[in-house]
Amino acid sequence: MNISKFLFAGALGLLTLTSCSDDDDDNTGTVIVGTADLYATSHADGNVTKYDLLRGGSTVYTTAATDAEGIYYSPDDDGFTIAARGATQTSLQSYFGISDFIEATVDLNVDITGPSALQSPRDLAVNGNIYVVSDNANDDGRFFVFEKDGDSFELRNIVTVEFAVWGIEFVGDDLYAVVDSSSDLAVFTNFASSNMTDATVAASKRITVEGIVRTHGLDFDGDTMIMTDIAAASGGDFDTDGAFHVISDFESKFDAVENGGTLSVTNQIRYEGSATLLGNPVNVVYDADTDAVYVAELANGGGQVLAYGNVSTAGGGNVAPSSAASLAGVSSLYLYKD
């Protein structure tokens, strides 16, 4: 069974196709524009799976990692960087020139290996040549700040915060971070330039997002923020109690809440219920152009990549995904479009 066909079939309807490319579909002659690739990492084996959302099909890249969480694709390098996890793999790893390979499964060699400094990486956010990894090995979370210079990563500094961390996202120069084991969202303004040395710092602002039990993943695009809710991590109905929230006009809504205040659930759209297949949605990406959300769902079915359309207009609730693809141990996602 081609695991990507189900994801592609639903995702294709979410993407807008135009006709200014020479890339023709072999079966229909339809002219397909550009690139829409969804990259997924896995705890199960450290492999990276790329789903081609425009043309269908998938490519599995076998990496040197045995477990990975956090990924970023760079068009300049034509490659991806992952945060490798495990007893002996605690670093950033980069793999370049991946478009040269067209096989269904490709064995890759590492092009860059960063310093072995990480312990329990959970997400990766990139702003220019600054690569930030959230690490939750300790009760006080840490952000490992790496600087990429050509073919090397330098660990510039470590920022410690007084809460557990998980998902992180740059919005401009500001770094947003979910507060693990809570429903809170924090921001660190001008993160990279304001935090140049090892230090313990307080968030510039922290608010509570009403309706969430325990947040994990977040993604921002087109002034909409998506946050996931894993609720219970284990036991009972942990594999069906997940959700995600859509917060349109995010920046104005966030700014309107005072530090320590609460963003009302009336200013959000929540998707939850057994039909959603959401149990532990650990990571998420949002595409504002198509109003589509892609979720790394770890608990339901052993791991799935789920797609939902029209998320800012459908009104939320117990809505089934438009497509689903099984991926054991799925841990993080990254969408690259061109």
- Task: Return the residue satisfying two criteria in turn: it lies in the range 58-78 and is touching a Ser or Thr at 6+ places or on another chain (Cβ under 6 Å) and open to solvent by less than 30 Å² (accessible area, probe 1.4 Å), and of such residues it is nearest to residue 335 (Cα to Cα).
- Result: 71
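From the set of residues in the range 31-46 that are outside any strand (DSSP E or B) and open to solvent by less than 30 Å² (accessible area, probe 1.4 Å), which is nearest to residue 75 (Cα to Cα)?
If we filter the range 31-46 for residues that are outside any strand (DSSP E or B), which is where we start, we get 33-35, 43-46.
Narrowing the set further to residues that are open to solvent by less than 30 Å² (accessible area, probe 1.4 Å) leaves 34, 46.
On the way: 34: 13, 46: 21 Å.
Ranking the qualifying residues of the range 31-46, first place goes to 34.
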- Item | Scan of the range 47-60 for residues that are over 20 Å from residue 122 (Cα atoms) and not in a loop (DSSP other than H, G, I, E, B), ordered by number | 51, 52, 58, 59, 60
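Just give me the residues in the range 62-76 being among the polar types (S, T, N, Q), part of a strand (DSSP E or B) and within 16 Å of residue 42 (Cβ to Cβ), in sequence order. Reasoning before the result, please.
From the range 62-76, those among the polar types (S, T, N, Q) are 62-63, 66, 74; that's our starting set.
The next check asks that each one be part of a strand (DSSP E or B); those that pass are 62, 74.
Within the range 62-76, 62 is the sole residue that qualifies.
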- Item | Positions within the range 324-338 being open to solvent by 20 Å² or more (accessible area, probe 1.4 Å) and more than 14 Å from residue 43 (Cα to Cα), in sequence order | 324, 334, 335, 336, 337, 338
- Determine which member of the set 192, 231 is buried (at least 19 other Cβ atoms within 10 Å of the Cβ), within 21 Å of the chain's Cα centre (by Cα) and part of a loop (DSSP other than H, G, I, E, B). 231
- Output for Cβ contacts, cut-off 9 Å, separation at least six or different chains, first residue part of a strand (DSSP E or B) in the range 261-272, second loosely packed, with under 14 Cβ neighbours inside 10 Å and of a type in the set (S, T, N, Q), reads 269/313; 271/318; 272/318
- Task: Please indicate, with yes or no, whether at least one residue in the range 213-223 is of a type in the set (A, V, I, L, M, F, W, C), in contact with a strand residue (DSSP E or B) (Cβ under 8 Å, 6 or more places away or on another chain), open to solvent by 60 Å² or more (accessible area, probe 1.4 Å) and in a loop (DSSP other than H, G, I, E, B).
- Result: yes
- Selection from the range 284-317 of residues assigned to a loop (DSSP other than H, G, I, E, B), of a type in the set (Gly, Ala, Ser) and at positive phi yields 303, 315, 316
- Residue check, residue 130 of a type in the set (A, V, I, L, M, F, W, C) and within 26 Å of residue 326 (Cα to Cα): no
- Message: Given the condition of a type in the set (Val, Ile, Thr), touching a Ser or Thr at 6+ places or on another chain (Cβ under 6 Å) and within 20 Å of residue 184 (Cα to Cα), answer yes or no: does some residue in the range 251-260 qualify?
- Response: no
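So in the range 171-181, with the set limited to residues that are outside any strand (DSSP E or B) and open to solvent by 20 Å² or more (accessible area, probe 1.4 Å), which one is nearest to residue 270 (Cα to Cα)? Can you show your working first?
As a first pass, look at the range 171-181 and keep what is outside any strand (DSSP E or B): 172-173, 180-181.
This time we only want the ones that are open to solvent by 20 Å² or more (accessible area, probe 1.4 Å), so: 172-173, 181.
Numbers: 172: 26, 173: 28, 181: 19 Å.
Ranking the qualifying residues of the range 171-181, first place goes to 181.
So how many residues does the range 237-261 have that are of a type in the set (S, T, N, Q) and farther than 28 Å from residue 298 by Cα? Spell out the reasoning first.
Filtering the range 237-261 down to residues of a type in the set (S, T, N, Q) leaves 240, 248, 252, 259.
In the following step, the residues that additionally are farther than 28 Å from residue 298 by Cα were identified as 252, 259.
Count: 2.
Output yes when any residue across the range 7-27 is among the aromatic types (Phe, Trp, Tyr), under 24 Å from residue 299 (Cα atoms), modelled with pLDDT under 90 and open to solvent by 30 Å² or more (accessible area, probe 1.4 Å), and no when none is. Spell out how you get there, then give the answer.
Narrowing the range 7-27 to residues among the aromatic types (Phe, Trp, Tyr): 8.
Now drop any that are not under 24 Å from residue 299 (Cα atoms), which leaves 8.
Applying the additional criterion that residues be modelled with pLDDT under 90 yields 8.
From what's left, open to solvent by 30 Å² or more (accessible area, probe 1.4 Å): 8.
Looking through the range 7-27, at least one residue is among the aromatic types (Phe, Trp, Tyr), under 24 Å from residue 299 (Cα atoms), modelled with pLDDT under 90 and open to solvent by 30 Å² or more (accessible area, probe 1.4 Å).
The values are calculated or read from the model by the stated rules, or taken from the named source; none is laboratory data. These numbers were taken from a predicted model, which means no experiment stands behind them. Neighbour counts are summed over all protein chains in view; Cβ atoms, including those assigned to glycine, are modelled from backbone coordinates with ideal geometry. Accessible surface is based on the protein model in full, side chains and every heavy atom, while ligands, DNA and RNA are left aside. Shrake-Rupley method; radii C 1.70, N 1.55, O 1.52, S 1.80 Å.
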